[in-house]
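Report on one structure; see the data block that follows.
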Amino acid sequence: MKKTAALTTAVVTALLLAGCASGGSGADATPTPKAQSKAAACKSLEGDMKSVASELQEQVTNLQSDPDKAVAELKKFDQKLKAATDDVSNEQVHTAASEFEQSFSTLVGNLETYAKDPKSADVSKLQASIKETQSSTKSLSKVCG
């Protein structure tokens, strides 16, 4: 579990540092559903991601001490991320955010499987989902960077 926690820590750190790093808070962005600019979409998404950053950091610690709680909290984050993604109407940002959310959701599912039974879990599947999440994080960062 320590190796998995270390890998997951790297992913979560990348998630916290990546995303739409344009600065500011999503609270200032008032996107128009039909014509949301890329900058407004990124700013909106960034605000939602920042609002749960401390929660994510805490769950990295919990992965070793209480993996079930950590997975439950990561599932909550995934729902918030999905809602934030659904609110993005800019096609380019929405596509990148959706890919990130889907890869993150898969990662959380694989972490849940691993937490339930580490001995029979497919570690290569978990590692592949970590890599996919990292890749989609980079893609989202490129779109919003």
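The table below gives the values:
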| quantity | calculated |
| --- | --- |
| Of the criteria (1) out of contact with any Cys (no Cβ under 7 Å at 6 or more places or on another chain); (2) surrounded by 14 or more Cβ atoms within 10 Å (Cβ to Cβ), which one V93 fails | (1) |
| Filter result for the condition that a residue is within 11 Å of the chain's Cα centre (by Cα), open to solvent by 70 Å² or more (accessible area, probe 1.4 Å) and either closer than 19 Å to D68 by Cβ or not basic (K, R) (or both), over T106, T137, T85, T133 | T106 |
| Leading residue by the ranking (nearest to P67 (Cα to Cα)) among those in the stretch 109-130 that are polar (S, T, N, Q) and assigned to a helix (DSSP H, G or I) | T113 |
| Any chance D78 is at pLDDT 85 or above and within 15 Å of the chain's Cα centre (by Cα) | yes |
| Residue list for the stretch 131-145, restricted to those being under 14 Å from E46 (Cα atoms) and either outside any helix (DSSP H, G or I) or in contact with a helix residue (DSSP H, G or I) (Cβ under 6 Å, 6 or more places away or on another chain) (or both) | T137, L140, V143, C144, G145 |
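So that you can scan it fast, the table gives a plain yes or no per residue for (1) under 26 Å from K131 (Cβ atoms); (2) at pLDDT below 75; (3) surrounded by 13 or more Cβ atoms within 10 Å (Cβ to Cβ); (4) not acidic (D, E):
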| site | (1), (2), (3), (4) |
| --- | --- |
| E55 | yes, yes, yes, no |
| N62 | yes, no, yes, yes |
| D66 | yes, no, yes, no |
| L74 | yes, no, yes, yes |
| S89 | no, no, yes, yes |
| E99 | yes, no, yes, no |
| A115 | yes, no, yes, yes |
| K119 | yes, no, no, yes |
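The values are calculated or read from the model by the stated rules, or taken from the named source; none is laboratory data. Being a predicted model, the structure only gives us computed values, none of them experimental. We place every Cβ from the backbone using ideal geometry, glycine too, and count neighbours over all the protein chains shown. Heavy atoms of the whole protein, side chains included, go into the accessibility calculation; ligands, DNA and RNA do not. Shrake-Rupley method; radii C 1.70, N 1.55, O 1.52, S 1.80 Å.
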